[in-house]
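Okay, structure first, notes after.
The values are calculated or read from the model by the stated rules, or taken from the named source; none is laboratory data. No experiment lies behind these values; they were computed from the predicted model shown. A quick note on method: Cβ atoms are made from the backbone with ideal geometry, for glycine too, and the neighbour counts reach across all protein chains shown. For accessibility, only protein heavy atoms count, side chains too; no ligands or nucleic acids. Shrake-Rupley method; radii C 1.70, N 1.55, O 1.52, S 1.80 Å.
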Amino acid sequence: MFVAPFLQLAKCLKSQKIMHKELENYLSHLLPELQKTGISIDEQIEIPYGVQLKVSRHNYKSILNIYYSQKKGISPVPTGNNNPLKKLLWDLCRLQEELKLDMPPMHTWNAWIGSDECGKGDYFGPLVVCAFAYKRDSENEFKNVGVKDSKKLNSEEIKRIAQYLYKNYANCIHCIVIKPVKYNELIAKFKAQKKNLNDLLAWLHSTAIIALQKNHPESQGVLVDQFSVSHKTKYALQEKQFPLPCIERTGAEIDPAVAAASIIARYQFLEAFEAMRKFYQLNFPQGANGNVIKYAQDFIKQYSEKRLGEVAKLHFKTTNQIENLPE
């Protein structure tokens, strides 16, 4: 039976400084499905940001890592050799995602604004925030076009869908692209006021939302993909006497308005990133991992350290790592 393993997992999760209720809820639905298909949990291990399940079925073994973050929500990742068990785990995890889509909606509005951002975790390139005005009667069209969470789309799909949205819904889009030079100026000003990146994001989201709402007075509310537990976008809008309710939720990209905003934001990020690569003749990597250090060093060799702020977000810890590395 799976009752005992689940209780052990719950205790494990409660020992972690994370929002374990999301993981508990996910596991409470997933574990019975594992049981139905004859999958046994041989071991469960606490890992950073989640749990690891070592599982077996017949003569096959695999590992299922289940992560949780406020930005992405639940992220299951089966690992190991490509065997039938790994494929079965992927299928079960996808089933959980489909069931998630059938959950009660985050709101009951017929017209609303969704907002999302892209680039805040990338050392190189811009920060992009986008708001999108949506009406419920567009639901079938958006499904047919393929509008969904941009993280589940490749670059070609992002480009195709974004261009479709710009062609047919240009007046429903308000996008703000903050290139590195301007970004570094803004983050310095916010830090001087004892504010941080989340405050900057809240300011950008609220700016885009207010500008868009002026052209879409029929909107009944705002849904933002949550990036701060403090609901900073909601309070930024309230300070500006914005008349509509604002909901901030993790995993809000399942909403079509937020999904459309995430696609446009990603598209503008990729376009600006590619333009930067061509201009400086360097194949800058995305993200903020160890790869960026080498390219930052290459940039400094070609263009000088003073110009690093033209391509990078200098307040990242990566900057200190670059400066402290030996020649």
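Quick look at the values:
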| item | result |
| --- | --- |
| Local electrostatic count, Ser138, Cβ distance below 15 Å [Lys/Arg +1, Asp/Glu -1] | 0 |
| Listed residues Ala288, Ala208, Ala131, most fluctuating in the chain (Gaussian network, C-alpha, under 10 Å) | Ala288 |
| Per-residue [θ]222 nm for the chain (sum of -39500 (n - 2.57) over DSSP H runs n ≥ 4, rounded to 500) | -15500 deg cm²/dmol |
| The chain: most fluctuating residue of Gln163, Gln52, Gln302 per GNM, C-alpha cutoff 10 Å | Gln302 |
| Accessible surface ranking that places the most exposed of Arg160, Arg57, Arg277, Arg249 first, with a 1.4 angstrom probe | Arg160, Arg249, Arg57, Arg277 |
| Segment 238-317 and segment 154-206: distance between their alpha carbon centers, rounded to Å | 8 |
| Entries of Lys135/Lys182; Lys120/Lys232; Lys148/Lys240; Lys120/Lys191; Lys151/Lys313; Lys120/Lys194 with Cα pairs more than 26 Å apart | Lys135/Lys182; Lys148/Lys240 |
| Overall form of the chain per C-alpha gyration tensor (a/c, 1.5; a/b vs b/c) | oblate |
| Net +/- balance of residues flanking Val292 in space, Cβ distance below 13 Å, scoring K and R +1, D and E -1 | +1 |
| Whole-number accessible area per residue in Å² for the chain, which is evaluated in the context of all protein chains at 1.4 Å | 53 |
| FRET efficiency for Val181 and Gln220, using Cβ-Cβ distance with R0 set to 35 Å, rounded to 0.05 | 0.40 |
| Dipole moment magnitude, nearest 20 debye, the chain about Cα centre, only Lys, Arg, Asp, Glu C-beta charged | 500 |
| Radius 12 Å from Cβ of His231, net charge of other residues (Lys, Arg +1; Asp, Glu -1) | +2 |
| Two-site label geometry, His231 and Lys152: point separation in nm, points 7 Å out along Cα→Cβ | 2.7 |
| Top of Ile45, Ile209, Ile161 by mean-square fluctuation, Gaussian network on the chain, Cα under 10 Å | Ile45 |
| Cα gyration tensor shape for segment 111-277, rounded if a/c is under 1.5, else prolate or oblate | oblate |
